[in-house]
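One structure is given here, and the rest of the page talks about it.
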Amino acid sequence: MSKGRPCRRCLIQDLPRGAELRTVIEERLRSIPEEEKTGSETYTARLAACRGCGELREGTCGACGCYVELRAARRAKDCPLKKWRAAVLPEGSGGAI
Ligand code: SF4
């Protein structure tokens, strides 16, 4: 995260451990019920897509305004630009990211 131009590849997880915003996001991630959570394989693929997306600005999606780590962490959410879809298939089945 920079104080000048917004970082286009940064996620909240890139903030230093203990940073206030990172702590808040980590708490919110832990509060998502397990049955609603995206599997780790899908979560990683979704965040990789966000890192390569021109809408990413310091962990926030310019298309929907969400913190992408929170949006990607929910199975039922999708990318507003359809760069990844809601996960409807079992993890590891080669389905949607
Ligand atoms: S959610 Fe979609 S539009 Fe938003 S930053 Fe990620 S890939 Fe880009």
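The long axis of helix 40-51 is offset from the longest Cα principal axis of the chain by roughly 40 degrees. Excluding same-chain neighbours fewer than eight residues apart, the aspartates and glutamates reachable from LYS83 by a Cα-Cα span under 17 Å are GLU41, GLU55, GLU69.
Computed from label points 7 Å out along Cα-Cβ, the spacing between GLU34 and ARG17 is 2.5 nm. Per the Kirkwood formula applied to alpha carbons, the chain shows a radius of gyration over Rh ratio, Rg over Rh, of 0.96.
So if R0 is 30 Å, what FRET efficiency would ALA48 and VAL24 give, r being the distance between their Cβ atoms, rounded to the nearest 0.05? The pair ALA48/VAL24 has a calculated efficiency of 0.85. Ordering 47-58, 32-43 by mean Cβ neighbour count within 10 Å, with the highest value first, yields 47-58, 32-43.
Output the relative contact order of the chain, whole-number percent, from Cα pairs under 8 angstrom with separation of 6+ residues.
Reported as a whole number, the value is 29 percent.
Since every read-out is calculated from the coordinates, none of them should be taken as a lab result. All of these numbers come straight from a predicted model, not from anything done at the bench. All Cβ positions, glycine included, derive from the backbone under ideal geometry; neighbour counts span all protein chains shown.
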